[in-house]
């Protein structure tokens, strides 16, 4: 097998692995969101605690993206449009 073909297979394998990983993360996040809703319904204290948890999670998540973007000189969020996602 040629080196070019091997490299293409590796790239394809990596994309498949990344796709699978992101799909699993999305499933896990949906579970966390559903659990957050249930926990918040239980008490005001739980509501406040979930706010802190989500703030810490999102801060860590976006902070890591920012850090890796700087380290690799590649903005990982570049080209991602909230408008196209119909997020807002």
_If I model a spin label as a point 7 Å beyond the Cα along the Cα-Cβ vector, how far apart are those points for residue 36 and residue 84 in nm?_
2.5 nm
*With a Cα-only, solvent-free Debye model of segment 43-88, what are the log10 I(q)/I(0) values at q = 0.20, 0.27, 0.29 Å⁻¹?*
-0.79, -0.92, -0.94
*Between residue 70 and residue 17, take the C-beta separation as r, use R0 = 22 Å, and let me know the FRET efficiency to the nearest 0.05.*
0.35
*Find how much the distance from residue 52 to residue 28 grows on full extension, using 0.36 nm per residue of separation minus their present alpha carbon separation; answer in nm with one decimal.*
6.8 nm
_Pick from 36, 50, 12 the residue whose mean-square fluctuation is largest in a GNM of the chain, springs joining Cα atoms under 10 Å._
12
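Only helical DSSP H runs with n ≥ 4 go in: add -39500 (n - 2.57) per run for the chain, normalise by residue count and round the 222 nm mean residue ellipticity to 500 deg cm²/dmol.
Numbers: 2 runs with 69 residues, N = 88.
Mean residue ellipticity, 222 nm, calculated: -28500 deg cm²/dmol.
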*Using the C-alpha gyration tensor of the chain, what are the square roots of 5 times its eigenvalues, in whole angstrom, with the largest one first?*
35, 17, 13
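Any read-out appearing in this document is the output of simple, stated calculations on the displayed coordinates, not a laboratory observation. These numbers were taken from a predicted model, which means no experiment stands behind them. As a convention, Cβ positions derive from the backbone with ideal geometry for all residues, glycine included, and neighbour counts pool all protein chains shown.
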